[in-house]
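The values are calculated or read from the model by the stated rules, or taken from the named source; none is laboratory data. In this text, all values refer to a predicted model and were calculated from it rather than measured experimentally. Cβ: placed from backbone, ideal geometry, glycine included. Neighbour counts: every protein chain shown. Just so you know, the surface numbers come from the protein's heavy atoms only, side chains and all, with ligands and any DNA or RNA stripped out. Shrake-Rupley method; radii C 1.70, N 1.55, O 1.52, S 1.80 Å.
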Amino acid sequence: MKTKVITIEENNINMEAVEEAGAILKRGGLVAFPTETVYGLGGDALNGESSARIYAAKGRPSDNPLIIHIADMGDLSMIAKDVPKEAYLLAERYWPGPLTMIFHKTDIVPYATTGGLKTVAVRMPSHETARALIRAAGGFVAAPSANRSGRPSPTLARYVIEDLDGCVDLIIDGGQTQIGLESTIVDFTGEEPVILRPGYVTEAMVREAAGRVLTDQAVIDSDSDQAPRAPGMKYRHYAPRGSLFLVEGETDKVSAYINEQIALKRRQGLRTGVIAAQETADRYTADVVKSMGKRHDGEEAARQLFRILRELDDENAQIIYAEAFAGEGVGAAVMNRLLKAAGHQVLQAGDKQDQKGETAQ
Ligand code: AMP
Ligand code: MG
């Protein structure tokens, strides 16, 4: 398949191009498009064959359900039932925006879209191109992140092309995505609302709007042997090709420890990488050093993370050390993604006992 790439500016939307993209989706094709979180790989959510194509294009396990994107509140009841009041409160505050909610599905939603589940994940994005495209496609667009399964989510069209050229009909280039991390997922199908995936909308924000919320234990506890309730969270994700280790501890000790490790690995002939805060980036002697922005700027870190993981690949870093960041606010979501990218390989700086990552590469 030949993939066409077009550019659509969010503040000057070419409606003719959007209509063309919508027509592709209506006839069962695939269109990758920008949202405010990351690029999505879209198909008609109510057409099971389109969903099957999405799974094939991504190489995604078919038990990992897709999020359905809508553009208008009135469309929610077409695909979701038993929507509780708390969900409407959250929607009022954060839709359109980087928030996904899970409900019981209606019969028109094919199991091919929900990975066989009786529940459905729904999001209303705020990106204007995305909203125009959803409307042009008939209102319901299933769209996981537009990367090959296991790769970092794409924040630039360039990375969508890298992963999906030849596998989709059209890629819409809308520049860099604003948030850079996938949506927060809140499950409303149980007794209490539960966060299944942390994101830009934090636990405190959800609690403030909905009154109450829990966070899935599998998200909080990196060593939890409980299966995550968002099926996608159990897979290794966002992983760079090199071996990635997170280093925790007091800042100076972390820097010293990382530099020690780098010296060691370089002597072994490995190409080394570091992910650091701007304040400490120039301390490192690695072959490739990437700055995530100021240490306490979680929003900037969120924007940079996935691009940095891909750049480390592009620059052939074979062993990578990342400073652990403050896990507050959106920083918690950044840490969640970094932990997954590292396959939960965490080292303690200054603690000579815990050298478990040493042999794990
Ligand atoms: P992505 O499409 O890459 O943003 O990933 C979507 C995430 O939403 C995955 O982690 C899925 O497992 C999760 N998800 C989608 N639908 C459901 C659902 N019905 N129940 C639980 N998790 C879901
Ligand atoms: Mg994804």
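Observations
- Kirkwood-based Rg to Rh ratio, the chain, C-alpha trace: 0.98
- Shape index of the stretch 91-202: Rg/Rh, with Rg the Cα radius of gyration and Rh the Kirkwood radius from the inverse mean 1/r over Cα pairs, equals 0.96.
- Dipole magnitude for the chain: computed about the Cα centre from +1 point charges on Lys and Arg Cβ and -1 point charges on Asp and Glu Cβ, it is near 840 debye.
- q = 0.12, 0.16, 0.20, 0.23 Å⁻¹: log10 I(q)/I(0) that the Debye formula gives for the stretch 232-347, counting C-alpha atoms only: -0.36, -0.66, -1.06, -1.44
- Think of the stretch 1-130 as a dipole: +1 on every Lys or Arg Cβ, -1 on every Asp or Glu Cβ, centred on the Cα centre; then among 56, 28, 121, 56 lies furthest on the positive end.
- Cα-Cα over 32 Å, subset of 118/290; 58/253; 118/294; 26/340; 265/340: 118/290; 58/253; 118/294; 26/340
- The stretch 95-229, accessible surface, carbon-and-sulfur percent (1.4 angstrom probe): 46 percent
- Using only the C-alpha atoms, the convex hull of the stretch 77-121 corresponds to 72 Å³ per residue.
- Residue-wise HN-Hα couplings along the stretch 121-126, as the Karplus relation 6.51 cos²θ - 1.76 cosθ + 1.60 with θ = phi - 60° gives them from phi, are 9, 10, 9, 10, x, 9 Hz; Gly and Pro carry x.
- Percent antiparallel among DSSP beta bridges (both partners in the chain, rounded to 5): 40 percent
- Using a cutoff of 8 angstrom between alpha carbon atoms and counting only pairs six or more residues apart, the relative contact order for the chain works out to 18 percent.
- Taking amide H as placed 1.01 Å from N in the peptide plane, the amide H of residue 274 sits under 5 Å from that of 288, 289, 290, 321, each at least 5 places away or on another chain.
- Using only side-chain charges placed at the Cβ, +1 for Lys and Arg and -1 for Asp and Glu, the dipole size of the stretch 124-275 relative to its Cα centre rounds to 600 debye.
- Cβ-derived FRET efficiency at R0 51 Å, residue 263 paired with residue 208, nearest 0.05: 0.60
- Think of the chain as having a plus end and a minus end, set by charges on the Cβ of Lys, Arg, Asp and Glu; of 289, 168, 246, 168 sits farthest toward the positive end of this dipole.
- Under the span-like rule (Cα at least 27 Å along the axis, Kyte-Doolittle mean at least 0.5), DSSP H helices of the chain: none
- For the stretch 272-279, Karplus couplings with θ = phi - 60° (6.51, -1.76, 1.60), whole Hz, Gly/Pro x: 9, x, 9, 10, 9, 6, 4, 5
- More than 17 Å apart - percent of Cα-Cα pairs taken over the stretch 272-330: 33 percent
- Rg and Dmax over the alpha-carbon atoms of the stretch 1-137 stand at 14.6, 46 Å.
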